[in-house]
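These notes are about the structure you will find just below.
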Amino acid sequence: MNNKTFEVLEFNKVLELLSEFAMSEKAKIRSRELTPITDEGKIKRWLNETSEACTIIEKSSSIPVHSLHGVEQILTLADKGYMPTPEQFEFLGAFLDSVKKIKRFMIKQEYHAPTISSYAYSLYELSDLVDEISRCIRNNQVDDYASRSLTKIRGKIITIEEKIKTKLTQIMKSFSSYLQEQVVSVRNGRYVVPVKNEYKRKFSGAIVDQSSSGQTVFMEPHDLNKLQDELGYLKVEEEVEVQKILGHLTDLTASYKQELLINIEGMVSYDFIFAKAKLSQSMKGNEVQIKQYEGFQIFNARHPLLGLNAVPLTLSLGQEYMALVITGPNTGGKTVTIKTVGLLSMMVQSGLHVPADSFSTFSIVKNIFVDIGDHQSIEHSLSTFSSHIQNVIDILRQSREDTLVILDEIGSGTDPREGMGLAISILEEIYNSGAMLIATTHYSEIKDYAEKAEGFQNGSMDFDIHTLQPLYKLIVGKGGDSQAFSIAQKLGMPANIINRAKEISNSRSTEEVAIVPKTKNRKKFERKIEKVRSEKHTRNYQIGDAVWIPHLHTKGIVEMTANAIGEMKLIVKGEKMTLNHKRVKPFIQAEELYPNEYDMDQVFDAKDIRKKKKLMDRKFVEGLTIDIDQE
């Protein structure tokens, strides 16, 4: 599934929420990079993992999952021969301790979580490495007892330092008047005392450093030279021994590279699985049923980003019908509804629980294509409609079986009549491709089409006419209205205007509506109407004439000439149509198309009706009728 679908359906936001429940950076990255899959067995296993983790969380408040911070870096250093610091080794020890705890914890959960508990058997406790780190490292330092040599060296260092401190105490008492203050400090690795600058030649010692003001010099007493040299040698020996110990720990760590990598991966997996469980709990999610090729049966579903107060959604798709057309007022929840279906489908195929009843069933789709929102492209100078159509063209190229297509306000953004025709044509093409389809629209004609077309079903968003508020509830099996009349009437629009609007709206087209407004000067208006009528008949078409219909880019045959308001009946591609004579142009006259005395019934009547007429012309046949509607 493409990134555009992820973004439009806000799948990335769900993944970001998931990552917030993970502890380790690797598990956070895995959460953000999670994508839907189509392998039925793997999807079911992922969902089951999440369910088992939920069961464990319900029974235990604390899960010993480690954050892994810096563990991979330690392993990388050790593998390349670089020595980690004592602090890093202590951190590695803490990680291995967590591995031991999670392994024992998960094995105890075998009854409640047989699948994910079995993963613990692949973890390595590495007791010898843990014991060695514990023996050698303490308080982020190499311990005195890490080796016998280090114990002896540090013992000597302590002895020498005590001697130095004793001598320094004596010197400070004897030469207190020479000193700036009674403080011992270390400069350049040597113990020194602060001597006033004017006494530096009287004090027996060597200048090691001086203050920035120059009033104090830091001097090493001559009596300490030998002891300090000996201390320096011991410090070097100490550092060499510490490096030996760290080197030993490094080699031991590197020898367990594969085991440590498995432990890291195992800890990341547990971190990720429990993050999915925590996400499920936060949105009151459930494991749903996967039934390939059986469509969707969704019960009481909520959009996962809208919280627990969202109105539940119930719908089916892909069984009794493959296409659902949703109508209803603006801000009624149509877009949220179709987004919910697509988003939950992606979550399920990613192994995530969804906020819906557990007995809901989801089909596996190989792709989800969406056209939702304003696609206006300033960069490519495309209008909203053009960008929308370009997106739909891409969808038409790719839609096929095992795909879900979601279209919002199909055909909008252009002339309503042409947009409606284009919308129905697009819906037919997608339906014929075998894809499952959910679309929203404002066109009542599309609602009527879905009412009659095989494989289509209507749906509408419920609306409270008393409060003028949408209820955000989907009603499947019933087409909705825009509620414009109801809202206008509720707000005080005069009844005559509402009734007139309904009359116009219920007509097949605005051309069929007789324009007869109320006027005080009725006769003057009637004379004006008569003048308009006479002008309309300046172009006289005859029955049988072929006319060109510009907006349909096709021709039609005149079945009935223009009436008083200029309307004429045509046969267009075998279908009857009523159009105003102004919307057609002369094409070929009837006399050029048909020979003299040609039976025009052959053009306008069906074969069975022509047979009935001929029979009636010859004699009376009891029970023989011709349905006027057929004519």
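Every number in this text was worked out from the coordinates using simple rules, so none of it is lab data. Treat the numbers as computed from the prediction; the structure is a model and nothing was measured. As a convention, Cβ positions derive from the backbone with ideal geometry for all residues, glycine included, and neighbour counts pool all protein chains shown.
For the residue pairs Lys42/Lys108; Lys28/Lys101; Lys103/Lys257; Lys26/Lys334, alpha carbon separations beyond 28 Å are given by Lys26/Lys334. A Förster radius of 25 Å combined with the Cβ-Cβ distance from Ser61 to Glu110 puts the calculated FRET efficiency at roughly 0.80. Annotation for the stretch 12-83 versus the stretch 190-211: alpha-carbon center distance of 61 Å.
Each part reduced to its alpha carbon centroid, the stretch 120-139 and the stretch 427-441 end up 60 Å apart. Net length available on complete extension from Arg583 to Ser212 is 123.6 nm, with 0.36 nm assigned per residue and the Cα-Cα distance removed.
Projecting the Cα positions of Ile157, Gln170, Gln215 onto the charge dipole of the stretch 148-230 (unit charges on Cβ atoms of Lys, Arg, Asp and Glu, taken about the Cα centre) puts Ile157 furthest along the positive direction. From most to least packed by mean Cβ count within 10 Å, the peptides 76-87, 431-442 give 431-442, 76-87.
Karplus-derived 3J(HN,Hα) values for the stretch 32-40, using 6.51 cos²θ - 1.76 cosθ + 1.60 with θ = phi - 60°, are 5, 9, 5, 10, x, 10, 10, 6, 4 Hz; glycine and proline are entered as x.
In terms of the Cα gyration tensor, with a ≥ b ≥ c the square roots of its eigenvalues, is the stretch 276-356 rounded because a/c is under 1.5, prolate because a/b exceeds b/c, or oblate? It is oblate, given that a/c is not under 1.5 and a/b is not larger than b/c. Placing unit charges on the Cβ atoms only, positive for Lys and Arg and negative for Asp and Glu, gives the stretch 43-159 a dipole magnitude near 240 debye about its Cα centre. For Leu422, Leu224, the sequence from fewest to most other C-beta atoms within 10 Å is Leu422, Leu224.
Distant-in-sequence amide contacts of Met219, defined by a placed amide H-H separation under 5 Å and a gap of 5 or more residues or a different chain, comprise Val193, Val195, Val208. This ranking places Arg417, Arg302 by how few other beta-carbon atoms lie within 10 Å of each, fewest first, which gives Arg417, Arg302. By other beta-carbon atoms within 10 Å, ranking Trp548, Trp46 with the fewest at the front produces Trp548, Trp46. Cβ-Cβ distance of Glu7 and Glu239, R₀ of 51 Å, FRET efficiency by 1/(1 + (r/R0)^6): the value works out to about 0.35. Computed from the Cβ-Cβ distance with R0 of 25 Å, the FRET efficiency linking Gln180 to Ser204 stands at 0.90. Extending 7 Å from Cα along the Cβ direction at Val572 and again at Thr76 yields two label points whose distance is 6.8 nm. Projecting the Cα positions of Pro84, Ser31, Ala53 onto the charge dipole of the stretch 1-118 (unit charges on Cβ atoms of Lys, Arg, Asp and Glu, taken about the Cα centre) puts Ala53 furthest along the positive direction. Within the stretch 39-130, all pairs of alpha-carbon atoms sorted by distance into 10 Å bins from zero give the percentages 15, 37, 28, 17, 3.
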